[in-house]
1. At 10 °C and a viscosity of 1.306 mPa s, what translational diffusion coefficient does Stokes-Einstein give for segment 624-717, taking Rh as the Kirkwood radius over Cα pairs? Give it in µm²/s as a whole number.
2. Near Ala529, within a Cβ-to-Cβ distance under 12 Å, what is the net charge of the other residues, with Lys and Arg +1 and Asp and Glu -1?
3. Using θ = phi - 60° and the Karplus relation 6.51 cos²θ - 1.76 cosθ + 1.60, list the HN-Hα couplings for segment 10-24 in order, rounded to whole Hz, with x at every Gly or Pro.
4. Whole Å is fine, so just give me how far the alpha carbon centre of segment 307-379 lies from that of segment 88-109.
5. Please compute the contact order of segment 255-325 in relative form: average sequence separation of alpha-carbon pairs under 8 Å and at least six residues apart, divided by the residue count, as a percent.
6. Over segment 120-263, what is the mean sequence separation of C-alpha contacts under 8 Å (at least six apart), divided by residue count, expressed as relative contact order in percent?
7. Compute the relative contact order of the chain as a whole-number percentage, counting only Cα pairs closer than 8 Å that sit 6 or more residues apart in sequence.
8. Would you please report the Å³ per residue occupied by the convex hull of the alpha carbon atoms in the chain?
Amino acid sequence: MLTHRPYGIEHPYAASPDQRVPVLPLTGEPVRLGVVAPGVDRVVCEWGSLELPMERGSAAAADAAALAGGEGHLSEAQARSLGADGAWSVVTPPVTEPVKYRFHAGTETTEWFEVSPAAWVSSGGEIRGGDGRVQDVEWLTSAEGVHRARFSFALGPDDHLVGFGERYDVLDQRGRSLDAVVFEQYKSQGVHGRTYLPMPFAHVVDASGRGWGFHVRTSRRTWYSSDDRSLTVEVALGDEPVVDLGIYEGSAIEVLKAFLDEVGRAEELPSWVFRLWASGNEWNTQELVTARMDAHRDLAIPVGAVVIEAWSDEEGITIWRDARYAVTADGSAHSADDFSYPADGAWPDPKAMIDDLHARGIKVILWQIPLQKTEFDTGQVAADAAAMVRDGHAVLEADGTAYHNRGWWFPKALMPDLSVQRTRDWWTDKRRYLVEDLDVDGFKTDGGEHAWGHDLVYADGKLGDEGNNLYPVHYARTFGDLLRSAGKAPVTFSRSGFTGSQAHGIYWAGDEDSTWEAFRSSVTAGLTAASCGIVYWGWDLAGFSGPVPDAELYLRATAASTFMPIMQYHSEFNHHQLPLRDRTPWHVAETTGDDRVVPLFREYAELRERLVPYLTEQAARTIATDRPLMRPLFFDHADDPEVWNHPHQYLLGDDLLINPVLEPGATSWTTYLPAGQWIDAWTGAATGPGSVTREVPLDVVPVYARATGWHHLEPIFHRKA
């Protein structure tokens, strides 16, 4: 069978073996045509009047290697995702006019395909709302229409560029190239420049501390590059060749406020979200979860929430593993009374476990993913999959068939179309008993990056090029609404998002290794996300993947996370192989042989408990004023050029300045304190402004308090005997 798809699988950053590259060539540019034809000895491409013999192999193998993501349980799946037996390819002559082509192998011939070259021209569409800042406008046009717009903004020599959603590489994106497309980059996000949570929004901060910002009002893909003179923006277009821009003048806070007035802002969440969160992907039984929480209790390490990832059968993600129940053949929802739990099963009594955890003051978060497995012929997961397709709840391909996930995680799974209320209700009704009857407190809304395809069809009328980036926004909203409807706070814990995600719950930085490099990248991710209006944010402290971190990295990360909006540890699935890879403090202590880990972790967890009232108050102030909770220094000190030389320092609320120790072996650490009066939080001594250096034993992360707020903060750091 011969297979050629001009767009391939539509991986945003890699070609598949059956793809045309580029999909839209410029006039005079050749293309590489790929076809998959297993079991044949010769393939020919009929290119207009020419016959082009094809060669075995494809460029996709190199792309697959680039996706492997290093060590971890998803890396092999990623590397396989683009591989294919029977790949053939050919490079065509330059394309100067529309050309039809097809492929032959033996007695089989494909349908005709056509490619039209495109060129950048000076007219063809409309820019709305540029506010006089837009220049150098061009339109990418072919015989088929206008495909993209390109324009630039002038930048001053000292302007800084911050935003574009959550970014892991640098705070100031001046001089770099990036895009805005939701993507699951498994680890090394800072190296690849890809993100789960992009936004077509950025601040331009000038030397005076004022500046401006912009928002490309689109959910389609956008691209950005800048140099010493300008920022160039490229925008994918739909049927109407129009670009709608928001331009906001003023300080960074004024710019952010104007942006959030358009796209929505966070709502206040209960104070318990600021306590320590604990998680491990291999905590897959009631006995294990209870044992981990018992260890917290016995070691006097306070914990506020447990995230249970491996609670379900991981088929439909609705039913506790080993539960007994009757299948609803029509795919309708169960109630709590429909289930029984064997005493020797993985979860003999989920309700009793949750009640016990609540009695200890621990909230319970359950894992989710917005996919429905399809590899089962019987059982509830098969009935649910059939109902999703039959009753019109699935995202569709252009031909009206159900879309199957093209990625490496949960491959070929169906996606519920959460763009419309009827499917949001259908999807969450299956999980309602967890909230209303079992009293679950929130959901880890993992994934959400699975929609690949420009022509996917959503029930709200959008095609994939416009709807795919919005999928994680709908997803978090769906589960937030479920919780609200049951009288709960909308506590969702997501990694993916887009413009509009500001209004929906909590975010974490996604999958990362336990390395110092990942530590630094994660701090940057938190600051860039905050610059775009994400209030509740955290990361897997010290990383979640790979071998257990050494004691120094773990404790430095713990210290930094104590002074971030969300503090949590988590570990990746490792097939229950020994040695275990739990990131619990006692397991890190046992693995590393370092007896400092547990007592120092306990001290920071206790300090975190004392910080909860401050964080609660400051989060409310953030939501009222749009001054970020985890705040890059330029928000308050944009007229001080030195702050840009300290991109990992930040304010936590109005009164605390944090400077995480981000290098191994450090014995002293220098902090830049901008104008004002500051107090070293650990000694109570006045210091600064300017550069100050202090010793940083493992029990100290540099924290400085504004003198005006020290009276209220001192008891947090210096408890009275």
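Bear in mind that the values in this text are calculations on the coordinates, not laboratory data. These numbers come from a predicted model, not from an experiment. All Cβ positions, glycine included, derive from the backbone under ideal geometry; neighbour counts span all protein chains shown.
1. On the way: Rh = 13.6 Å.
The calculation lands on 117 µm²/s.
2. Working: positive: Arg167, Arg495, Arg631; negative: Glu166.
Residues near Ala529 contribute +2 overall.
3. For segment 10-24, the Karplus curve yields 6, 4, x, 10, 8, 8, 9, x, 9, 9, 9, 10, x, 4, 10 Hz.
4. If you average the Cα positions of each part, the centres end up 51 Å apart.
5. Values: 55 pairs, mean separation 22.9, N = 71.
This gives 32 percent for segment 255-325.
6. Numbers: 321 pairs, mean separation 39.0, N = 144.
Computed value for segment 120-263: 27 percent relative contact order.
7. Details: 1675 pairs, mean separation 80.4, N = 721.
Taking the mean separation of contacting Cα pairs over the length of the chain, I get 11 percent.
8. Details: hull volume 117.1 nm³, N = 721.
It is 162 Å³ per residue.
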